[in-house]
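Take a look at the structure below.
The values are calculated or read from the model by the stated rules, or taken from the named source; none is laboratory data. Keep in mind the model is a prediction, meaning the values are calculated, not measured. Here the Cβ positions follow ideal geometry from the backbone for every residue, glycine too, while neighbour counts run over all protein chains shown.
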Amino acid sequence: MAIEVQKLNVYIKGNHILKDVSLTLPERQITCIIGPSGCGKSTLLRTLNRLIDTTEGVRVEGKVLVDGTDIIGSGAEIIELRRKIGLVSQRPCPLPMSIFENVAYGCRINKMFKHRRQLVYHVQRKLKEVGLFDEIKGRMRAPATRLSIGQQQRLCLARSLAVQPEYILADEATSALDPISSKTVEDLFVSFKQQYTIVMVTHTLHQALRIADNVVFMYLGEVIETGPASDVFNHPQHELTQRYLSGIFS
Amino acid sequence: MKVSRLKRIRETLAKGMMWCSMLLVFGLLVSVIWTIFSKGMKAMSWDMLLKLPGGGFYIGKEGGFLNAIVGSLYIVGASTLLGLVVSVPVVFFLNVYLKKGSRLAYVARLAFDVLFGVPSIVYGAFGFTVMVYFGLRASLLGGIIVITLLIIPIFIRTMDEATRNFPRDILDASFALGATRWETLKVVVRQIAPGIATAALLSVGRAIGDAASVMFTAGYTDSIPTSLSQPAATLPLAVFFQLSSPIPEVVDRAYAAALVLTVTVLLISIVGRFITTRFSKNKV
């Protein structure tokens, strides 16, 4: 269930965005990708579920092995891949539907249930998993946009979980939230690592320190250092990592 | 002290100018509506709305202009439907299928902008040329086709505007759940439904009020067309022809037709607003 990236190069309109990236994202752990803005963290994340395909002028070279299957190249089953890899974006992005429909949407398109009763039960369970059910009980038909930003982000998380992914990609998933919501979402990720392989792009080092099992430090499109969080944070090998961690640049 | 006085004067002047402009626009609107109502109500009666004209539309004083009302509804209804059928796929293609920053999308948008600016008489002339080429006569079908051509750029531009502001994150969110582009379109429709409604409203407004494009293509007749190949009367042309009549009663009928036209557009706008608000319920 691990993801293995081998010699990944991504070019967007001729610009070399990811340079020879090779790393392993271990299963059922939280891997945090850290690094300054524009270092290619989000591009790497978007390559893992092939959302990068929607960018104009993109060229991808190298291998990304998900469950041993290379997902780069035209033969890959992108639709199934994306179902398998959940995504939680930076800003909560509810679909223009009711709270219930937001979670049910993925199940419907993947034809997961035959009976509506099963779907309702599944949606409720996912909402419970993210701790949202009690807060919104009785408002399931209300537009998702009526929820607070923190609740919306948890709804998006429930929506991703509803299609039963094996991996969760989170792109600075807490950066737009208030401190309390941020903590709630962060705790959820920690509790989920028993079931999912989680890859998280984060801008705050403190967050990575709190929750990461593994850390990938990127700079200008290259992976500078990667390894268990305790090693990278306590004994950084590379000078750039040392300088980044000590706050000399960000 | 001096500076603050200067600032105050400037502020008062700017505010005064804004008020003047507001009053001018508002006054214009009121005077247009007043003219149409006061003159139109003189000739207005149930007969006007429910009867066909008697004795020719140019000089006849009898009957009403049911022919023009029905003709306009036929043309506007059909062309709005056709316009939607053609425009919606174009907008989806531009915004969902083509990637962000696509050159083709840029060229297409430029082309639609140019088409948007083409005067309606040019559409009329173009339609007329095509009809002559195919040996067609002025007919309901000709009117529908030309009005459809006229409103397609309005449809596309308005919907495109609504869709371009569409948060790309929604597309990503849908794709990330394993949705195909086709499935994602349904999400897009939910989000841009108010945009589609606005586009339809603008198009209907333009289609129902345009005289130049239907003059050569739909023609004019005193009867209600029973097939696509028969000529059809329209409200703007009912106004145009009757207004140029030397007989005062016929001129009054022109104002009555203008009144019907204005009230129809007003009603469509109000109903449209209502529908748009309902559609916007789930909008992100």
Inset, instruction - Collect the residues in the stretch B:197-229 that are under 27 Å from B:SER87 (Cα atoms) and part of a loop (DSSP other than H, G, I, E, B), keeping them in residue-number order. - result: B:ASP210, B:ALA211, B:ALA218, B:GLY219, B:SER227, B:LEU228, B:SER229
Inset, instruction - Check whether at least one residue in the stretch A:97-119 is farther than 25 Å from B:PHE175 by Cβ and within 14 Å of chain B (Cβ to nearest Cβ), and report yes or no. - result: no
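Looking only at the stretch A:20-53, how many residues end up being among the small types (Gly, Ala, Ser) and within 14 Å of another protein chain (Cβ to nearest Cβ)?
Matching residues across the stretch A:20-53 total 1.
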Inset, instruction - Please name all residue pairs, on different chains or six or more residues apart, with Cβ atoms under 8 Å, provided the first residue is in the stretch A:54-69 and is within 13 Å of chain B (Cβ to nearest Cβ) and in contact (Cβ under 8 Å) with a residue 12 or more places away in the chain and the second residue is polar (S, T, N, Q) and surrounded by 13 or more Cβ atoms within 10 Å (Cβ to Cβ). - result: A:GLU56/B:SER102
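If you go through the stretch B:260-273 one residue at a time, do you hit one that is away from chain A (no Cβ under 14 Å) and small (Gly, Ala, Ser)? Can you show your working first?
Let us first name the residues in the stretch B:260-273 that are away from chain A (no Cβ under 14 Å), namely B:260-273.
Now restrict to residues that are small (Gly, Ala, Ser): B:269, B:272.
The answer is yes; a qualifying residue exists.
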Legend entry - From the options A:VAL58, A:VAL88, residue that is modelled with pLDDT of 90 or more, of a type in the set (Val, Ile, Thr) and under 19 Å from A:VAL163 (Cβ atoms): A:VAL88
Legend entry - Total residues in the stretch A:15-39, condition out of contact with any Lys or Arg (no Cβ under 7 Å at 6 or more places or on another chain) and assigned to a loop (DSSP other than H, G, I, E, B): 6
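Going by the structure shown, is A:ILE85 hydrophobic (A, V, I, L, M, F, W, C), under 20 Å from the mean Cα position of the chain (by Cα), more than 8 Å from chain B (Cβ to nearest Cβ) and closer than 12 Å to A:ARG50 by Cβ? Walk me through it before giving the result.
Working: hydrophobic (A, V, I, L, M, F, W, C): yes; under 20 Å from the mean Cα position of the chain (by Cα): yes; more than 8 Å from chain B (Cβ to nearest Cβ): no; closer than 12 Å to A:ARG50 by Cβ: yes.
The answer is no for A:ILE85.
Each row is one residue, and each column tells you yes or no for (1) in contact with a helix residue (DSSP H, G or I) (Cβ under 9 Å, 6 or more places away or on another chain); (2) surrounded by fewer than 22 Cβ atoms within 10 Å (Cβ to Cβ); (3) not assigned by TED's automatic domain parsing to the domain that holds B:ILE33.
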residue	(1), (2), (3)
B:ILE156	yes, no, yes
B:MET159	yes, no, yes
B:ASN165	yes, yes, yes
B:ASP172	yes, yes, yes
B:GLY205	yes, yes, yes
B:ASP210	yes, no, yes
B:ALA238	yes, no, yes
B:PRO246	no, yes, yes
B:VAL250	yes, no, yes
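Applying the selection to the stretch A:44-61, what residues are of a type in the set (Ser, Thr, Tyr) and surrounded by fewer than 22 Cβ atoms within 10 Å (Cβ to Cβ)? Can you show your working first?
Taking the stretch A:44-61 first, the residues of a type in the set (Ser, Thr, Tyr) are A:47, A:54-55.
Correct list: A:THR54, A:THR55.
If a residue counts only when it is within 23 Å of A:ARG159 (Cβ to Cβ), modelled with pLDDT of 90 or more and within 14 Å of another protein chain (Cβ to nearest Cβ), which helices (runs of 4 or more DSSP H) contained entirely in the stretch B:109-195 have at least 1 such residues? Spell out the reasoning first.
Working: elements: B:120-133, B:140-164, B:168-176.
It comes to B:168-176.
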Legend entry - Yes/no for B:LYS39 being surrounded by 12 or more Cβ atoms within 10 Å (Cβ to Cβ), touching a helix residue (DSSP H, G or I) at 6+ places or on another chain (Cβ under 8 Å), at negative phi and not in a helix (DSSP H, G or I): no
